[in-house]
1. Collect residues whose amide H, placed 1.01 Å from N in the peptide plane, falls under 5 Å from the amide H of Asp229; neighbours closer than 5 in sequence don't count.
2. From the residues Pro325, Leu136, Gln41, which one has its Cα farthest along the dipole of the chain in the positive direction, the dipole being from +1 and -1 charges on Cβ of Lys/Arg and Asp/Glu about the Cα centre?
3. Could you compute the net charge surrounding Glu117? Neighbours are other residues with a C-beta less than 13 Å from the C-beta of Glu117; K and R count +1, D and E count -1.
4. Quick one: length gained pulling Lys171 to Ala278 fully straight, 0.36 nm per residue minus the C-alpha distance?
5. Taking 0.36 nm per intervening residue step and subtracting the Cα-Cα distance, what contour gain separates Arg17 from Leu211 on full extension?
6. On C-alpha positions alone, give me the angle between the axis of helix 12-53 and the longest principal axis of the chain, in degrees, nearest 10.
7. As an exercise, use a Förster radius of 30 Å and the Cβ-Cβ distance of Ile141 and Lys188 to find the FRET efficiency, rounded to the nearest 0.05.
8. Can you tally the net charge around Ser279? Count Lys and Arg as +1, Asp and Glu as -1, for every other residue whose Cβ sits under 15 Å from the Cβ of Ser279.
Amino acid sequence: MTPLVVSPLPSRSYRWRWFLGVLVIIFLLLIGRTISVRMMQNREIHQTTTALAVPSVLVVSPKLGQAEITLRLPGDVNAYADTPIYARTDGYLKRWLVDIGSQVKNGDLLAEIESPEIDQQYNQAVGKLQQAQANLNLAQITAVRWKQLLDRNTVAPQESDQKQGAFEMAKANAAAAQAEVSRLQELKDFEQITAPFDGVITQRNTNVGDLIRVNNMVGQKPLFKIVDDKVFRVYANVPESVASEVRIGQKVTLEFASQPGKLIQGTLVRTADSIDDASRTLLVEIQVLNTDRKLLSGGYATVFIPILIQHPSLLLPVNTLLFRPEGTVVGVVDHNGRVELKKIRIGKDFGNQVEVVEGIKATDKVILNPSDSLQTGDQVFIH
């Protein structure tokens, strides 16, 4: 019978060493995991910091100019006629019949002036005219009679000539008296102030009893102001670069500040036919019908003028331009995200866009709203 062999139990020190080894391994694994996570976090932070250090930009590619573009310009709105009305005779305001906003017709009575001195002078002149006409009649009769006596050799020729001379003098006196009456009659007519044309009253600067003087003082206000509001004149300044493209008779669209969002048609009726040497622009006049009487004179309008381009070229927004001592430049981004400042030559100015004659290609990526500190070689990120 084989004897039973009993294996000895592991000592307690061996089990303790085994347990410590497992703990060390677990600890090393945790340390390795922590270091790995920290390295990954540091790498992400570095990448984020690097990305944030590179400025983000928006780019646009040059567009081929259209055969027709719309020029947007500010315009000044004026009534077709805007006339101040002054007194033509002295006196006191007797009454006024219209106020601001009144619609009037040509010849309508606006106000009356009371002129006692003019009335008195007129009455005196009428009396003198009647006296002169009486003297003329007497001189004429006398001259005829003395001519008849001269024909019968009853009087001397000299006496007949004297009577004829007296007749001519009486005729001249009567003519002078008639002229004086006519002059004073015109002054009396000026006592009634009438409208020179159809329109609307925009100012009244007088009241009953005011002393009225003929306009001979600097800064004196008119009694009334009247405007013809059936047709409006809108004046705009076209840049010299496209001045040759506007045509008399072409249709124009306008938006008035008093009616935002409403587009109204007008006609370009005339130009100054000369470039202003101060602003380098061409003054144009656009006429607009005001049939509903809703347009207001003295206001502001935005004018949209269609322009036909004979030879379309590249166009860039004006917010891509940088103005440097060496000239106008734009920032172009290459495929590596590097900036190159390219000098360009500008042609026509269309307001929010400019024509680029040379310096860029249609495939270039041009930076919008570039920083003034932008330089060639800068690294950017296209957003």
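1. For Asp229, whose amide H was placed from the backbone, the distant partners under 5 Å are Val200.
2. Gln41
3. Details: positive: Lys188, Arg213; negative: Asp90, Glu114, Asp119, Glu191.
Around Glu117, the charge tally is -2.
4. Stretched fully, the Lys171-Ala278 segment lengthens by 32.4 nm.
5. Working: separation 194, 0.36 × 194 = 69.84 nm, distance 12.53 nm.
Taking 0.36 nm per residue and subtracting the Cα distance, the gain is 57.3 nm.
6. 20
7. The pair Ile141/Lys188 has a calculated efficiency of 0.35.
8. Taking every Cβ under 15 Å from that of Ser279, the sum is -4.
Rule-based calculations on the coordinates, nothing more; no lab input. Computed from a predicted structure; not experimentally measured. A quick note on method: Cβ atoms are made from the backbone with ideal geometry, for glycine too, and the neighbour counts reach across all protein chains shown.
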